[in-house]
Amino acid sequence: MMEFLAKSNGETLIDHTNNLLSQLKILKNTYPEILTRSDWELLQLACAYHDLGKINDKFQEKIRKNKWHIDGEIPHGLLSITLIPRKELEKNFSEEQIWVLINSVARHHKRDFEKINASDYKEEVDSLKPLEKELAKRIDKLKAPLELQDPKKVSHKYFNFKSQLLLENELKESDEDELKIRHKFDEYVKIKGLLNRLDYAASGHYKVESSPRVILSQNILQHWRKSEPQANWNEMQKWTFKHQNKSIIVIGQTGLGKTEAALRWLGNEKSFFVLPLKSAINAIYHRIKNVVFNNESYNSLGLIHSDMISEAITEFGNQNNYSDFQKYVEEEKQWSKQLSIATLDQVFSFVYHYSNYEPQMATLAYSKVVIDEIQMYSPTLLAYIIYGLKEIQRYGGKFEIMTATLAPFILDLLNIHGLKFTMPEKPFLDSKINHRHNVKTIHAQLESKDILEKAQGKKTLVVCNTVQKANKLYLELKEVGVDVHLIHSRFIRKDRSIKENEIIHAGKTTNHNFEVWIGTQVVEASLDIDFDLLLTELSELNGLFQRMGRCYRKRNYKGEDPNVYIFDGGNKATSGIKRGQHSIVDWTMFSISKNAVKNLNGVLTEQDKIDLINTNYTSEKISVVDDNFISRVENSIKYLQDIEEAELIKKDIVSRFRGINNVDVIPEQVYLDNKVEITDKLIQLDRNKQKIRVLYKNENKNSNDITKLKIENLKLKNYLNSMTVSFPVYLLDKSDLVKNGDLQEVGYIILSKAFNYNSETGLSLNKSKEEEDDNFI
């Protein structure tokens, strides 16, 4: 008896379907509360029926002969639905539920249905009839009871041939009540999205959800009590635990333990922790891995950002279990970990409703999402967050916004757009550490002479708005013999990693050696450092307070002289601040902030900082300075409500979502200095690719050998990545690039010597570019 195949690796249709049903069991056992009993039954049917259309002759020929395409082939999802016994299902399910089931099965892969010829479709459906009889003989091997019918075209009541199902289409074309249609569409998103995730897991042979569920605040108290036996949860951490079942907003002082408070709120739920910077994400990831999971985090903790593969290689660097590595990466990418630490673009790209966004939305429907430092996002990204949180809440998920300061205009926007949340009556402050900063505003540009005058043997942090400004101050101080160090975003990854480790060591509270570190915004929220003195250019209030958090981080200041100096630019803006595009912060926020800090001269308590935000960042004050600022957020939200982006793919959305067109480049000097090793890596990459191609053609191939070569290639690319620096596309001309076919073939470009690079100051721009790019941070 001939077996129907589902996969090119020889996996049968029955085996693949059973794998899906096994994944369904994992999902249901791990998160039983996420669907109603009826919806669990519907999802089981979707799993059982989703691939049955693969019994057609054209698909079987394609899979057995290892072809990519066969002329006249009908998408198997469209054939699968012809086998679903609608009349039988109508005894136990509503018309709406059957519509959800049929559309979930038909559309579980992206296909262009509008190009399908009706007569070709009818011919394929008719050809299934004898094959259905053969399938019926095997159906008892399935792990779930299943009934089939003679293949029959589905009525328009349940299905139409639009290439992508959109809520907007349904609302336009149906006479049904709008709320009823929205409910039906939401059910479709959940069932179809979960079906996709189960299908991916079954095909990739990894677990759809990590299990068992873990209490995400486990081991924290034990860790604290190693150094402080009486340590216990503070009031903020008790409050978040008490409000686990609600969406919440928490304002808490820097250093008070907001991360631990968030972990208590997350409980043992499916969770996402969203932060604005990759370096901050890596730091939180390693902190949670160390404290919560005692460094054994592979099962439950994931990292999701554009460099996650590099981190995964580091995790598995000394292990030879390549199969485990592959599963680990897939589980991270497919959101299978209980807790994922991620950048905004990796979680909130669903707001565009791109093609196949449903797995994201269906997962977030039973998840908790933590947004850290919401004030650090631009007006456009703030709009994405507000719209995304509203969608998450509508589908059943919950959110926590945690921050040291929260602008009133953001609260206004959250309320205007109907988000439901609970807040404590007042911010959480540490009464024992409440006078960390003695602040003085200086109405001038920051100059190297100011650093020489103020540092006077203190461990000093200088924060500039741009690389150009930071480099200028660094070189001037170095020339007069100061022990000065530099960190910013224009170093290749290898050098930046070294500098991050150095500044973390220098910034330890126990280290009192005199040295000066000059940096940019990269130090604001990503590095756990504590300096004795801060000199900073003004950006805006939130950024200013983030920078102040790197000075006297968890200790009171008892000196009489200021330990924080703010340079507001005098009668000009500070570096990198300009009207229009490419300003490091919005001109409106800078203008308000400059006025707010102009008279600061003395102790600034934590409550004072909150009062400055509450007084100055109101909707009314912002509208007086710039009546378009709030409307930019509103217009972005309206755009998301109106778009039909179904034909876009996720990769395009993520690129658009970031709003930053940067490209990774290898400076020519770096290439020349490392030419022998880079060439060797490229030769190894090419050899491995050839070996992989040969192995794929070998019928007796060992998949472990292929995986091992792929891992080796990832490590080789990881080395090449370490030689790159991120560079703005808008500053790049074709004449700036050096041709190198071998590197271009594997996705790398060389930036010409016009942009000098050295490991001391990073990437320098030529004169014309320097003038153009005063805001490179």
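Per-structure values
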item: Computed over region 25-175, Kirkwood Rh from alpha-carbon pairs, angstrom; result: 16.6
item: Angle between the chain longest axis and helix 178-204 axis [Cα atoms, degrees, rounded to 10]; result: 90
item: Rounded accessible area per residue of region 12-155, 1.4 Å, Å²; result: 47
item: Calculated FRET efficiency for the pair GLU296/SER38, C-beta based, R₀ 35 Å, to 0.05; result: 0.35
item: Per residue accessible area in Å² of region 532-633, where ligands, DNA and RNA are left out and the probe is 1.4 Å; result: 41
item: Under 13 Å from LYS609, Cα to Cα: aspartates and glutamates that are on another chain or at least 8 residues apart; result: GLU540
item: LYS129 versus ILE504: modelled label distance in nm, points set 7 Å from Cα along the beta carbon direction; result: 6.9
item: Inter-probe distance in nm under a simple model that places probes 7 Å from Cα toward Cβ, at ASP686 and ALA118; result: 5.6
item: Potential lengthening between LEU737 and GLN641 on full extension [0.36 nm per residue; Cα-Cα distance subtracted]; result: 30.5 nm
item: Violating pairs (Cα-Cα greater than 19 angstrom) within the set LYS327/LYS697; LYS110/LYS192; LYS91/LYS162; LYS327/LYS368; result: LYS327/LYS697; LYS91/LYS162; LYS327/LYS368
item: Overall form of region 541-583 per C-alpha gyration tensor (a/c, 1.5; a/b vs b/c); result: oblate
item: Percent RCO, i.e. relative contact order, over the chain, from Cα pairs under 8 Å lying at least 6 residues apart; result: 12
item: Total formal charge among the other residues, if their Cβ is under 13 angstrom from that of THR259, Lys/Arg +1 and Asp/Glu -1; result: -1
item: Net charge of Cβ neighbours under 9 Å - reference CYS551; Lys, Arg +1; Asp, Glu -1; result: +2
item: Region 339-401 - accessible surface per residue (Å², probe 1.4 Å); result: 17
item: Nearest-0.05 FRET efficiency for LEU142 and GLU95, computed from C-beta distance (R0 22 Å); result: 0.25
item: Cut-off 12 Å between beta-carbons: net charge of the residues surrounding LYS327, Lys and Arg +1, Asp and Glu -1; result: -1
item: Violating pairs (Cα-Cα greater than 23 angstrom) within the set LYS278/LYS494; LYS58/LYS190; LYS25/LYS133; LYS578/LYS598; LYS67/LYS715; result: LYS58/LYS190; LYS25/LYS133; LYS67/LYS715
item: Helix axis angle, 675-697 relative to the chain longest principal axis, alpha carbon, degrees; result: 10
item: Cα-based shape type of region 445-552, given that a ≥ b ≥ c are square roots of the gyration tensor eigenvalues and the cut on a/c is 1.5; result: rounded
item: For P(r) over Cα pairs in 20 Å bins from 0, in percent, calculated from these coordinates, the label among (i) 12, 24, 20, 17, 14, 9, 4, 0; (ii) 14, 44, 32, 9, 0; (iii) 17, 49, 27, 8, 0; result: (ii)
item: Rounded tilt (10° steps) of 587-597 against the dominant C-alpha axis of the chain; result: 40
item: Relative contact order of region 1-103, defined on C-alpha pairs under 8 angstrom at six or more residues apart (%); result: 28
item: In nm, spacing of pseudo-spin labels at ASP150 and ASN704 (7 Å Cα→C-beta vector); result: 5.2
item: At R0 = 25 Å, FRET efficiency that the Cβ-Cβ distance of GLU479 and GLN456 yields, to 0.05; result: 0.85
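The values are calculated or read from the model by the stated rules, or taken from the named source; none is laboratory data. Nothing here was measured: the structure is a model prediction, and the numbers come from that model. Cβ atoms come from the backbone with ideal geometry, glycine included; neighbour counts cover every protein chain shown. Surface accessibility is based on the protein's heavy atoms, side chains included, excluding ligands, DNA and RNA. Shrake-Rupley method; radii C 1.70, N 1.55, O 1.52, S 1.80 Å.
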